[in-house]
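Asks: Quick one: the structure is below, and I'll ask about it shortly.
What follows draws every value from the coordinates through simple rules; no lab data is involved. Computed from a prediction, not measured in an experiment: that's the story for all the values here. For neighbour counting, all protein chains shown are included, and Cβ atoms are generated from backbone atoms with ideal geometry for every residue, glycine included.
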Amino acid sequence: MNELYVVGLGPGDPDLITVKGYKMLMDADLIYYPYTSFKYAENILIALGIDKKKMQPLEFPIRSLDLLKKIRENACRIKNSLEFYDSVVYAVEGDPMLYSTFLDLYRYLDCKVRFIPGISSINAAAAIFGIPMAEKDEIFTIIPAVNDYEYMKKMIMGTKNGAIIKAIGAKDVLKKLLDDEHLKKYYIMENVSLKSQKIYNNINDIDSYMALVILK
């Protein structure tokens, strides 16, 4: 059986994919990618000039009961493809090993998998802002937004350098932390590196799932 290659597409700007990742996509016989209403992965592949005939979307339903069933079906579909195609790729936005949809599939795949890393939205946002993520012996913390005031307060108060991802999921909590002066120096970016990229100065302006907050 052939190996599956998982390629990180980067944060959104097609120019930010690695050379190795691009070559793998161009040489692939079949490319799977996560299909969502945002179409991030699909749009990157199209912008890169990938032949649409070899692009195959995989759906991941929002409902948890349907999701597990679909994940197993998708894993089986990928494994079967490896018997018929020499080069099969799963392409995912960002980096495949950092909060990616592929990690849901990974545990159900009974095949050899190789990874080609990609630039995460956190790395890209820090570069666009011109803010070092961490220096020398500093720690950088990634905080998935949770709608829990005490938890988010604890995480933010214990973080000198970090990022809050999926920030809209805790927008009201973040607003209260700001009002209570627990959230002080921060930078907000939405749709990192895309043409639709936006930079906000206030937590109140967050209105997208793709918004993240860099903490300093």
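Asks: When the chain is fully extended, how far beyond the present Cα-Cα distance does CYS76 get from ILE131, taking 0.36 nm per residue of separation?
Replies: Difference between extended and current length: 15.6 nm.
Asks: Please figure out what share of the DSSP beta bridges in the range 4-119 is antiparallel and state it in percent, rounded to the nearest 5.
Replies: Antiparallel bridges make up about 5 percent of those DSSP assigns within the range 4-119.
Asks: How big is the chain by the Kirkwood estimate over distinct Cα pairs, in Å?
Replies: So the Kirkwood estimate lands at 18.4 Å.
Asks: Post the alpha-carbon centroid distance, the range 51-86 to the range 151-167, in whole angstrom.
Replies: The range 51-86 and the range 151-167 have Cα centres separated by 34 Å.
Asks: What does DSSP give for the chain in terms of the percent of beta bridges that are antiparallel, rounded to the nearest 5?
Replies: 35 percent
Asks: Additional query: Counting only other residues whose beta carbon sits under 11 Å from that of GLN197, what net charge do I get with K and R as +1, D and E as -1?
Replies: Net charge around GLN197: 0.
Asks: Given H placed 1.01 Å from N in the peptide plane, which residues other than close sequence neighbours of GLY94 have an amide H under 5 Å from its amide H?
Replies: Answer set, sorted by chain and number: LEU9, GLY10, GLY12.
Asks: So, one more: Which lysines does LYS53 reach when only Cα atoms under 21 Å apart count, and residues fewer than 8 places away in its own chain are ignored?
Replies: Partners within reach: LYS23, LYS39, LYS79.
Asks: Once both labels are modelled 7 Å past Cα along the beta-carbon direction, what's the ALA47-GLU3 spacing in nm?
Replies: Going by the 7 Å Cα→Cβ label model, 2.9 nm.
Asks: Please work out the C-alpha center-to-center distance from the range 181-198 to the range 89-142 and express it in whole Å.
Replies: Each part's Cα centre sits 18 Å from the other's.
Asks: Show me 105-113, 133-141 ranked by packing, highest mean number of other Cβ atoms within 10 Å first.
Replies: Per-residue Cβ counts within 10 Å, averaged per peptide and sorted highest first, yield 105-113, 133-141.
Asks: Suppose only helical runs count, i.e. DSSP H with n ≥ 4. What mean residue ellipticity at 222 nm does that imply for the chain under -39500 (n - 2.57) per run, divided by all residues and rounded to the nearest 500 deg cm²/dmol?
Replies: My calculation for the chain gives -9000 deg cm²/dmol from helical runs alone.
Asks: Further question: What list of whole percents do you get for P(r) of the range 4-119, with Cα-Cα distances grouped in 10 Å bins up to the one holding the largest distance?
Replies: 15, 52, 31, 3
Asks: Now for a separate question. Picking from GLY94, GLY49, GLY162, which is most flexible by a Gaussian network model of the chain using Cα springs under 10 Å?
Replies: Of the options given, GLY49 has the highest mean-square fluctuation.
Asks: Another question, if that's okay. If you stretched the chain out fully between LYS166 and LYS185, how much longer would it get, using 0.36 nm times the residue separation minus the C-alpha to C-alpha distance?
Replies: 5.0 nm
Asks: Identify, among ALA163, LEU174, TYR33, the residue whose Cα sits farthest towards the positive end of the charge dipole of the chain, taking +1 on the Cβ of Lys and Arg and -1 on the Cβ of Asp and Glu, with the dipole about the Cα centre.
Replies: Highest projection toward the positive end goes to LEU174.
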